[in-house]
Every structure is written in structure tokens, then in C-alpha cells.
Amino acid sequence: MKITIMGTGAYSIGIALMLAKKENNYITLWTENEEKLNEFNKTHKISSIFDVKLPDNVSVTNSYEKALEDTELIFLITSAKYILSVCKNILPF
């Protein structure tokens, strides 16, 4: 199952780790934070939250289109002050 998690905070990563345990789940974390994206691409970690290597079936992107392409389940786990903006941006997809 393709699952998208909008956010890369502690709760988002915890949910991703839990969902990634199921063999056929593919998790995409979406972030606006370029620093977190770059760190993940280099180390497969987001160490500001957990110093844990994320499984191979977890990816990170800052593209709404890539995050939502063919997704079957979306978790909106962003700060309250950004939730409206994120919802408006995902509507076209």
C-alpha cells in the first residue's frame, strides 16, 4: 500500500516506522524543510528527531505531486498553523 505522511516531525516519523514494518507498505514523508530532505537523501535519517536509519520502504520528498502520486492513504500530521495551507496545496492531487 502506498501511504503518504504530510510532515516529518517526531509523530510522523514514529507512524512511518510503525507502518513500514509491513512488507508491502511504501511510505512517503512530505516536508517543506530542505535541510531535513537533504539529510535524509545523504544518510536515510532525520536525526533532529530520531537517530534511527529509516527503512528502505520509506522515502522523503518536498514535492506534493511526488508525495501524493498513486497514494492510497494520507496522514496529515503537520503543525496546526500549517494545516490549512497543506490542505489547500494537496487539493489538486
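When the surface is traced with a 1.4 Å probe over the full set of protein chains, Thr78 keeps roughly 40 Å² accessible. The residues of the chain expose on average 62 square angstrom of accessible surface per residue, using a 1.4 Å probe on protein heavy atoms.
Full extension of the chain between Lys81 and Ser47 yields a length gain of 9.9 nm, computed as 0.36 nm times the residue separation minus the alpha carbon distance.
In a GNM of the chain with a 10 Å cut-off on Cα contacts, which of Leu37, Leu19, Leu73 has the highest mean-square fluctuation? Maximum fluctuation in the GNM of the chain, among the listed residues, is at Leu73. Helix-only arithmetic for the chain: the sum of -39500 (n - 2.57) across DSSP H runs with n ≥ 4, divided by the residue total, places the mean residue ellipticity at 222 nm at -11500 deg cm²/dmol. In plain terms, the chain from Leu73 to Lys88 could stretch by 3.7 nm, reckoned as 0.36 nm per residue minus the Cα-Cα distance. Here is the list for the stretch 23-93: trypsin sites (Lys or Arg not before Pro) lying in DSSP coil, each with at most 12 other C-beta atoms within 10 angstrom of its C-beta, are Lys53.
The GluC sites (Glu not before Pro) of the stretch 1-50 that meet both conditions, a loop assignment by DSSP and at most 10 other Cβ atoms within 10 Å of the site Cβ, are Glu23. Across q = 0.19, 0.22 Å⁻¹, the chain modelled as identical point scatterers on its alpha-carbon atoms has Debye log10 I(q)/I(0) values of -0.83, -1.12, in the order of the q list.
The values are calculated or read from the model by the stated rules, or taken from the named source; none is laboratory data. These numbers were taken from a predicted model, which means no experiment stands behind them. Cβ coordinates were reconstructed from backbone atoms using ideal geometry, including for glycine residues, and neighbour counts include every protein chain displayed. The accessibility values were calculated without ligands, DNA or RNA, using every heavy atom of the protein model including side chains. Shrake-Rupley method; radii C 1.70, N 1.55, O 1.52, S 1.80 Å.
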